[in-house]
Amino acid sequence: MFAVIETGGKQYTVKEGDVIKVEKLKADQGAEVLINNVHFVNDQSSPVFSSINAVVKAQVLEQCRGEKVIIFKKRRRKHYRRKKGHRQYLTVLRITGIDIKE
């Protein structure tokens, strides 16, 4: 069974036991998080298209930062160069269960 969830403006395909990195969530390490924004659940018998009838449970493994992304702007022949870096705050989640409410 797998589900398509949305968090942080991005969609993720998850199944039980998966470890994913998502945009930072306000939760402590070890806490359980419920994700209600479920777009699709594929049960082995039949797919369920509903965002109301399913909940994905996840455990917070850690709060961390992602890889550094370099932003470099340049205008040729004008001696204009700008270099900046950015590291996004991330939350690492382990998917513990997908519950379908009837």
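Restricting attention to the range 67-101, which residues are of a type in the set (V, I, T) and touching a residue at least 24 places away in the same chain (Cβ under 8 Å)?
T91, V92, I95, T96, I98, I100, listed by residue number.
Please enumerate the residues belonging to the range 52-98 that are part of a loop (DSSP other than H, G, I, E, B) and either at pLDDT 95 or above or surrounded by 15 or more Cβ atoms within 10 Å (Cβ to Cβ) (or both).
G66, E67, K68, R76, R77, K78, H79, R87, Q88
Kindly list the number of the only condition in (1) of a type outside the set (D, E); (2) closer than 16 Å to L90 by Cα; (3) not in a loop (DSSP other than H, G, I, E, B) that fails for I5.
(2)
The values are calculated or read from the model by the stated rules, or taken from the named source; none is laboratory data. Since we're looking at a predicted model, the values are computed, not measured. In this analysis, Cβ positions are derived from the backbone assuming ideal geometry, glycine residues included, and neighbour counts consider all displayed protein chains.
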